[in-house]
Amino acid sequence: MAFTKNPQVFTAKVAEVTFGTGDSAVTLGGESVFPLYAFDQEYAHPPVVGIDFSDKGPDRDIPGVAEFYKGAESLADVAKRASEAEGASFVSFTLASADPNGDDAPIEESVAKCKEVADAVTKPLVIQGTGNAEKDGQLLGKVAEALEGKNVLLLSALEDNYKGIAVGAVLAYGQKIAAESAVDINLAKQLNVMISQQGVKSESLVMQVGTATAGYGFEYVASAMERIRGAGLSQNDDMLQAPIITPLADETWGVKESIVSEEDFPEWGPAEERGIDMEITTAVACLASGSNAVILKHPASVKTVAGIIADLM
């Protein structure tokens, strides 16, 4: 019996969001099929991979990461090296030292660091905040002002601070933002609605709907992403059609499989290899569930996941 192909292509599509400038700019979204269903319709913009480091520097406790950044000491040098990572379509810079529960670095200092990194890279730039709603509400608007014209993507706007970030980053300075919610389709939609009511258009908004390491409650993440994509495409819910970005490096490199020593668990093999495996596995699971972009830490993970995307597309 002959095989008859019945592609599942929807009339609705994931919104397109572009960040970065020039030939290196990255566009997320645009597909009208379920995640990775490139066999039903060619992706205009395949998923992408970013590489992350913080303002405290890369994690040099991981041998492969330390080797990759060897000789790169200043933030500018680290940023340049990160942008050279094979498979990385963009660079992510996390303002870890600005966290009020940590070093609580002044806003002016964090803004200066963002400018240094932005001036050093040619690839699109994602700026990740501290995760503290109050501090990020004050910080990200200042970052947006300082990087006007760079078309950066700022992570993230929360329910507690979205108004200031939406107005200060998008409407005032033309940047892009992510709406961060906690692994729940209703919370994701509600935040998207509230941000859109501030005047932010779909071309300036992505979603960050949460993550977990594979094997650590990831089924909740997969379920939320799949429901969001299903509602956006099959029900044409325009409040759930934003592309999804998933920073997952800190999650995957913080679980037991990634951090316990080989001396304590010799049967598990080298810790670095385990961490890379956890990062790759989680990244691919996120892509299969609906992410349009994943943010990783280890250059080997970045290269591998980018290669998997290319093979699937």
- Query: What are the residues in the range 187-205 that are β-branched (Val, Ile, Thr) and more than 17 Å from Leu28 (Cβ to Cβ), if any?
  - Reply: Val193
- Any residue at all in the range 50-57 that is buried (at least 20 other Cβ atoms within 10 Å of the Cβ), in contact with a Phe, Trp or Tyr (Cβ under 6 Å, 6 or more places away or on another chain), charged (D, E, K, R) and modelled with pLDDT of 95 or more? no
- Limited to the range 241-250, what total is found for residues that are in contact with a helix residue (DSSP H, G or I) (Cβ under 7 Å, 6 or more places away or on another chain) and either within 17 Å of Thr211 (Cα to Cα) or surrounded by fewer than 13 Cβ atoms within 10 Å (Cβ to Cβ) (or both)? 5
- Does any residue of the range 240-248 turn out to be assigned to a helix (DSSP H, G or I) and closer than 19 Å to Pro35 by Cβ? yes
- Query: How many residues does the range 279-313 contain that are farther than 20 Å from Val255 by Cα, outside any helix (DSSP H, G or I) and modelled with pLDDT of 95 or more?
  - Reply: 4
- Being under 19 Å from Val17 (Cα atoms) and surrounded by fewer than 18 Cβ atoms within 10 Å (Cβ to Cβ) is the filter here, so list the residues in the range 106-149 that pass it. Thr122, Glu148, Gly149
- Return yes or no: is Val193 among the β-branched types (Val, Ile, Thr), in a helix (DSSP H, G or I) and either touching a Phe, Trp or Tyr at 6+ places or on another chain (Cβ under 9 Å) or within 25 Å of Gly254 (Cβ to Cβ) (or both)? no
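For (1) β-branched (Val, Ile, Thr); (2) touching a residue at least 24 places away in the same chain (Cβ under 8 Å); (3) surrounded by fewer than 15 Cβ atoms within 10 Å (Cβ to Cβ); (4) under 20 Å from Ile309 (Cβ atoms), each residue gets a yes or a no:
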{"site": "Phe3", "(1), (2), (3), (4)": "no, no, yes, no"}
{"site": "Lys13", "(1), (2), (3), (4)": "no, yes, no, yes"}
{"site": "Glu16", "(1), (2), (3), (4)": "no, yes, no, yes"}
{"site": "Ser24", "(1), (2), (3), (4)": "no, yes, yes, yes"}
{"site": "Val33", "(1), (2), (3), (4)": "yes, yes, no, yes"}
{"site": "Leu36", "(1), (2), (3), (4)": "no, yes, no, yes"}
{"site": "Gln41", "(1), (2), (3), (4)": "no, yes, no, yes"}
{"site": "His45", "(1), (2), (3), (4)": "no, yes, no, yes"}
- Item | Selection status of Ala310, crowded, with 16+ Cβ neighbours inside 10 Å and of a type in the set (A, V, I, L, M) | no
- Before we move on, is Arg60 among the charged types (D, E, K, R), more than 20 Å from Arg229 (Cβ to Cβ) and out of contact with any helix residue (DSSP H, G or I) (no Cβ under 6 Å at 6 or more places or on another chain)? no
- Note on the structure: Going through the range 255-269 in order, the residues found to be surrounded by 13 or more Cβ atoms within 10 Å (Cβ to Cβ), without any contact (Cβ under 8 Å) to a residue 12 or more places away in the chain and not in a helix (DSSP H, G or I) are Val260, Glu262, Phe265
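Consider Asp59 carefully, then state whether it is part of a loop (DSSP other than H, G, I, E, B) and under 27 Å from Ser258 (Cβ atoms).
On the way: part of a loop (DSSP other than H, G, I, E, B): yes; under 27 Å from Ser258 (Cβ atoms): yes.
When the stated conditions are applied, Asp59 passes them.
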- Query: If you take the residues of the range 150-189 that are at pLDDT 95 or above and among the basic types (Lys, Arg), which of them is surrounded by the most Cβ atoms within 10 Å (Cβ to Cβ)?
  - Reply: Lys176
- Where a residue in the range 275-295 is touching a residue at least 40 places away in the same chain (Cβ under 8 Å) and its partner, wherever it lies, is hydroxyl-bearing (Ser, Thr, Tyr) and assigned to a helix (DSSP H, G or I), with Cβ under 6 Å and at least six apart: Gly275/Ser258; Ile276/Ser301; Met278/Thr252; Met278/Ser258; Thr282/Thr252
- Query: How do the pairs read when you match residues in the range 107-132 that are free of Cβ contacts under 8 Å to residues at least 24 places away in the same chain with residues anywhere that are surrounded by 23 or more Cβ atoms within 10 Å (Cβ to Cβ) and assigned to a helix (DSSP H, G or I), using Cβ under 9 Å and keeping only pairs 6 or more apart or on different chains?
  - Reply: Glu109/Ala98
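The values are calculated or read from the model by the stated rules, or taken from the named source; none is laboratory data. Model, not experiment: these values are computed from the prediction. Don't worry about glycine lacking a Cβ; one is built from the backbone with ideal geometry, like all the others, and counts go over all protein chains shown.
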